[in-house]
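One structure is given here, and the rest of the page talks about it.
The values are calculated or read from the model by the stated rules, or taken from the named source; none is laboratory data. Source: prediction; values computed, not measured. Cβ coordinates were reconstructed from backbone atoms using ideal geometry, including for glycine residues, and neighbour counts include every protein chain displayed. Ligands, DNA and RNA are excluded from the accessible area calculation, which covers all protein heavy atoms including side chains. Shrake-Rupley method; radii C 1.70, N 1.55, O 1.52, S 1.80 Å.
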Amino acid sequence: MTVNDPSSTSLQLTDDGQLRHFLTLDGLNRALLTEILDTADSFIEVGERSIKKVPLLRGRTVVNLFFESSTRTRSTFELAAKRLSADVLNLDISTSATSKGESLSDTLLNLEAMASDMFVVRHSQSGAPHFIAESVTPGVAIINAGDGRHAHPTQAMLDMLTIRQHKGRFEGLKVAIVGDVLHSRVARSQIRALNELGAAEVRVIAPATLLPRDVESLGCSIEYDMVRGMKNLDVVIMLRLQKERMEGALLPSEREFYRLYGLSREKLALADAECIVMHPGPINRGVEIESAVADGPQSVILNQVTNGIAIRMAVMSMAMGGQMAERTRRQAGRARV
Ligand code: NCD
């Protein structure tokens, strides 16, 4: 499986273009991305009610299968599934049979035997959710919650929802993504989403050692100097230094990195006065972002977290809808023969 694998399009869409899995933003057009944003918008109001529930996934079982650590993504997927009225199972991999040597395929067969309807998967291997979607029983939806360095499509979509809320549009926007692009599945999905939705410019700002070799082909401009790169920006997205994925020394020191690529008040002042500051979290204060900026008036970092619930509700309900439509078609096909 490669990053722009065309087979992922047919894998994640039904014959009539509905979502049935959500694995990557590759192959999803502007109309579908906009439908996800509009559906999420309609769910925001549910989170503001005193009884925060709609019955769309009532009676369905959603399994959160996180093979890598997570705070925001896992808990917002859980809340999203609960607000859709699903039964939710959170499998703690560190205490599951995976730690006794059970293979991914065997774990999945056992979970399928419990009549699960949806797996939300985070895995350190790029392509793991695709692999599962290819082999899972028809009718079970797979949602990618981050695979290796490849993709984190729900994160990118909650970021798009946040940008749309604050800027009202994508056309004409200049967006920078700063820092450890090399290890970031988030950046890859964001670049894809921003281009599809019509942003004027996606600029990555990073030292050469933290850029992927194929960066040019991702659809962004490159800037090594942050002071130059901050000019005329509408949105700046900061990334965490993913030290757990780094092999060898890619940086002189954290202090030097902060001096050159950290978002301080001074550097933010170079951007448009209305520029918003984003970060997928977890943030490392003083490493890639100054506390006063993370907590400052231009920061929308906590709005991103809130929007994560609505986006995940949208994607889960749309994928389940696609699976159900397909099941109805299969049954109708069988009835005809
Ligand atoms: C990111 C991830 O896991 O890819 N976090 C997230 O899901 N909000 C980014 C990171 O870990 O730095």
Subject >> Residue identified as away from the ligand (no atom under 12 Å from the Cβ) and among the basic types (K, R) among R188, R164, R122 >> reply: R164
Original post:
Can you tell me which of A294, A319, A310, A314 is assigned by TED's automatic domain parsing to the domain that holds S85, farther than 17 Å from Q18 by Cβ, surrounded by 17 or more Cβ atoms within 10 Å (Cβ to Cβ) and of a type in the set (A, V, I, L, M, F, W, C)?
Top reply: A310
Original post:
Among the residues of the range 234-252, is any crowded, with 16+ Cβ neighbours inside 10 Å and among the acidic types (D, E)?
Top reply: yes
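Within the range 292-301, which residues are part of a loop (DSSP other than H, G, I, E, B) and either aliphatic (A, V, I, L, M) or within 16 Å of the ligand (Cβ to nearest atom) (or both)?
V300
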**OP:** Can you run down the residue pairs with Cβ atoms below 9 Å, 6 or more apart or on separate chains, where the first is in the range 36-53 and under 21 Å from G17 (Cβ atoms) and the partner is of a type outside the set (A, V, I, L, M) and not in a helix (DSSP H, G or I)?
**Re:** I36/F22
Original post:
Identify, please: which residue in the range 77-106 is assigned to a helix (DSSP H, G or I) and open to solvent by less than 10 Å² (accessible area, probe 1.4 Å) and is, among those, farthest from the ligand (Cβ to nearest atom)?
Top reply: A81
Original post:
For residues in the range 322-337 being of a type in the set (G, A, S) and loosely packed, with under 12 Cβ neighbours inside 10 Å, which is farthest from D16 (Cα to Cα)?
Top reply: A335
**OP:** Look at the range 189-231 and say how many of its residues are modelled with pLDDT of 95 or more and polar (S, T, N, Q).
**Re:** 4
Original post:
With respect to V121, is the statement that it is under 27 Å from D41 (Cβ atoms), assigned to a strand (DSSP E or B) and open to solvent by 20 Å² or more (accessible area, probe 1.4 Å) true?
Top reply: no
**OP:** Taking the residues in the range 270-291 that are more than 15 Å from the ligand (Cβ to nearest atom) and closer than 22 Å to G168 by Cα as candidates, determine which candidate is most open to solvent (accessible area, probe 1.4 Å).
**Re:** E274
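Quick grid of which residues meet (1) modelled with pLDDT under 95; (2) of a type outside the set (K, R):
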| residue | (1), (2) |
| --- | --- |
| T98 | yes, yes |
| E102 | yes, yes |
| T107 | yes, yes |
| M114 | yes, yes |
| G127 | no, yes |
| T137 | yes, yes |
| H150 | no, yes |
| R164 | no, no |
| V175 | no, yes |
Original post:
Quick check: is even one residue across the range 4-12 in contact with a helix residue (DSSP H, G or I) (Cβ under 9 Å, 6 or more places away or on another chain), assigned to a loop (DSSP other than H, G, I, E, B) and polar (S, T, N, Q)?
Top reply: yes
Original post:
Given the residues D38, D15, which is the only one that is out of contact with any helix residue (DSSP H, G or I) (no Cβ under 7 Å at 6 or more places or on another chain), away from the ligand (no atom under 16 Å from the Cβ) and not in a loop (DSSP other than H, G, I, E, B)?
Top reply: D38
**OP:** Six or more apart or on different chains, Cβ under 9 Å: which pairs go from a residue in the range 259-282 that's at positive phi to one that's hydrophobic (A, V, I, L, M, F, W, C) and surrounded by 12 or more Cβ atoms within 10 Å (Cβ to Cβ)? Could you list them?
**Re:** G281/I301; G281/V305
**OP:** Considering every residue within the range 55-72, establish whether at least one is open to solvent by less than 50 Å² (accessible area, probe 1.4 Å) and under 23 Å from I191 (Cβ atoms).
**Re:** yes
**OP:** Could you list all residues from the range 237-264 that are outside any helix (DSSP H, G or I) and within 16 Å of the ligand (Cβ to nearest atom)?
**Re:** I237, M238, L239, R240, L241, Q242, M246, L250, L251, G262, L263
**OP:** Kindly establish whether T73 is in contact (Cβ under 8 Å) with a residue 12 or more places away in the chain, more than 16 Å from the ligand (Cβ to nearest atom), assigned by TED's automatic domain parsing to the domain that holds L109 and assigned to a helix (DSSP H, G or I).
**Re:** no
**OP:** Test S116 against the criterion of being free of Cβ contacts under 8 Å to residues at least 24 places away in the same chain and away from the ligand (no atom under 16 Å from the Cβ), and give yes or no.
**Re:** no
Original post:
among the β-branched types (V, I, T) and under 14 Å from the mean Cα position of the chain (by Cα) - does that describe any residue in the range 178-189?
Top reply: yes
**OP:** Identify all residues within the range 128-146 that are part of a helix (DSSP H, G or I) and open to solvent by 20 Å² or more (accessible area, probe 1.4 Å); write none if there are none.
**Re:** F131, E134, S135
